[in-house]
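Following: one structure in structure tokens, then a few remarks.
The values are calculated or read from the model by the stated rules, or taken from the named source; none is laboratory data. What you see is a predicted model; the values in this text were computed from it and never measured. All Cβ positions, even for glycine, are placed from backbone atoms using ideal geometry, and neighbour counts span all protein chains on display. The area values use the complete protein model at the heavy-atom level, side chains included, leaving out ligands, DNA and RNA. Shrake-Rupley method; radii C 1.70, N 1.55, O 1.52, S 1.80 Å.
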Amino acid sequence: MHKPVTAEIISIGDELLYGQILDTNSKWLSEEMDKIGVRVIRKTTIGDDPEAMIQAFKLASKKADIILMTGGLGPTKDDLTKNVLAEFFNSSMKLFPDALEDVRHFFESRGRELSPTNRSQAYLPSNCTYIQNAVGTAPGMWFEEYKSVWMSMPGVPHEMKYLMENAVIPKIKEKYKLPVIYHKVIKTIGIGESWLSDIISEWEDQLPSHIRLAYLPSLGEVKLRLTGFGNSFDLIVKEVDEEIDKLEPLISKYIYGFNTDTIASAIGQTLIQNNENIAIAESCTGGYLSHVVTSIPGASNYYNGGIIPYHNAFKENLLDVDPVTLSTKGAVSEDTVIEMSKQVRLKFKSTYGLATSGVAGPGGGSKEKPVGLVWIACHDGEKCLTRKLQLTKDRLINIQLTSTASLNLLRETILQNRK
């Protein structure tokens, strides 16, 4: 296998550090580098500070084969990238006639004259290769210095993307012999990262050196990303799939999908395949669970409807929950969610009924029922699975975690019915 080709992304601009602009450029650049087999090893964000820029360039030159820079190429005095690059490379600034003509044409085609300020954009470090920017005025600059490739691009996303797609990526492919990088993500739910790690430890230890595993935990889920490196796409796909075949028997009950699947989309496909449907009664989640379900295209094929009986009176009036249950057990109880899931299933003539009730927080808790206590239930007409959750003190996180756990409870109910 060839030596990995590495890259660093440097985003330049005070506005990024102030949080005034979201840096979507570096995310996009990482994705595009991954597609062609370049491994991004670091991302750096710096302000419009010459000293900080020089320091970042020095560090990058020691680590990466390719340095991709965005920002600081405008015509105003706070745009410093060109001059700092010239200083860093011990180069002078000079007028590039092609760049001047391109800038002039850009303005004339829009019925505007070329100002002295905009004319200055045609002055570039003398050691760069000028890269035409046909969708803007800030030029691209390609350098080959200190055994690395350097590419400076405007921070405006559509201009940066134009330069990457039309010039930079083709030049990188031409210059380097690039390896294949292939990712496959296994989606798991209902188990924590450390427990998952314990189960698959021996399998993980036997992975070949060119296939790496990463744990990517999120709210209520853990993604396992396998990344393979090689010279043949077909071969590395085959090898990664063979490792997944070894993994699946160990954690099959926790796997719900792969790559872009979500728990909601995976369950939706299962319900469609089984010609089944669901209805939802949610209290503490306040409609969020239904929102997650209906965010999937085609949800009307399996989502019959829902009720949000936030107050106890509506649990009685709309869902026919026994008032004795509410007065003796309380709204946040196993008995209540069992009745809610049973009744919503009947009212919407559904295969399954889901229900949630809890103390979302940050207030409203008690010693017996603290903030974060949630009960969920899934009724299939014959039996009802329930689960008690003790979550956080953060209201929004509790709503999200409850919704994820509820969908997993539905998944478990469906799996049990298959046995």
*How do the helices (runs of 4 or more DSSP H) wholly within region 140-248 filter down when requiring 2 or more residues that are over 30 Å from residue 404 (Cβ atoms): which remain?*
157-163, 169-175
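Return the residues of region 64-83 that are in contact with a Ser or Thr (Cβ under 7 Å, 6 or more places away or on another chain) and either at pLDDT below 95 or part of a loop (DSSP other than H, G, I, E, B) (or both); say none if nothing qualifies. So that I can check it myself, show each step before the final result.
Of the residues in region 64-83, the ones in contact with a Ser or Thr (Cβ under 7 Å, 6 or more places away or on another chain) are 64-67, 69-73, 75, 81.
Answer for region 64-83, where residues must be in contact with a Ser or Thr (Cβ under 7 Å, 6 or more places away or on another chain) and either at pLDDT below 95 or part of a loop (DSSP other than H, G, I, E, B) (or both): 64, 65, 71, 72, 73, 75, 81.
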*Any idea which of 113, 87 is assigned to a loop (DSSP other than H, G, I, E, B) and farther than 26 Å from residue 22 by Cα?*
113
*Counting just the residues of region 300-345 that are small (Gly, Ala, Ser) and outside any helix (DSSP H, G or I), which one comes out surrounded by the most Cβ atoms within 10 Å (Cβ to Cβ)?*
331
*In this structure, is residue 350 within 24 Å of residue 415 (Cβ to Cβ), among the small types (Gly, Ala, Ser) and touching a residue at least 40 places away in the same chain (Cβ under 8 Å)?*
yes
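Out of the residues in region 182-220 that are in contact (Cβ under 8 Å) with a residue 60 or more places away in the chain and open to solvent by 30 Å² or more (accessible area, probe 1.4 Å), state the one that is farthest from residue 32 (Cα to Cα). Break it down into steps so the answer makes sense when it comes.
Within region 182-220, the subset in contact (Cβ under 8 Å) with a residue 60 or more places away in the chain is 183-191, 210, 219-220.
With open to solvent by 30 Å² or more (accessible area, probe 1.4 Å) added as a condition, the list becomes 183-184, 190, 210, 219-220.
Values: 183: 14, 184: 16, 190: 33, 210: 21, 219: 27, 220: 29 Å.
Top of the filtered list is 190.
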*When only residues in region 257-289 that are part of a strand (DSSP E or B) and under 18 Å from the mean Cα position of the chain (by Cα) count, which is surrounded by the fewest Cβ atoms within 10 Å (Cβ to Cβ)?*
258
*asked:* Any residue in region 265-293 that is more than 15 Å from residue 340 (Cα to Cα) sitting within a Cβ distance under 7 Å of a residue that is exposed (fewer than 15 other Cβ atoms within 10 Å of the Cβ)? List the pairs, counting only those 6 or more apart or interchain.
replied: 268/298; 272/301
*Go through region 50-61 and give me each residue that's open to solvent by 60 Å² or more (accessible area, probe 1.4 Å) and touching a strand residue (DSSP E or B) at 6+ places or on another chain (Cβ under 9 Å).*
55, 59
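From the list 398, 408, pick out the single residue that is over 24 Å from residue 318 (Cα atoms), open to solvent by less than 60 Å² (accessible area, probe 1.4 Å), of a type outside the set (A, V, I, L, M, F, W, C) and in contact with a strand residue (DSSP E or B) (Cβ under 6 Å, 6 or more places away or on another chain). Reasoning before the result, please.
Numbers: 398 fails: in contact with a strand residue (DSSP E or B) (Cβ under 6 Å, 6 or more places away or on another chain).
Among 398, 408, only 408 is over 24 Å from residue 318 (Cα atoms), open to solvent by less than 60 Å² (accessible area, probe 1.4 Å), of a type outside the set (A, V, I, L, M, F, W, C) and in contact with a strand residue (DSSP E or B) (Cβ under 6 Å, 6 or more places away or on another chain).
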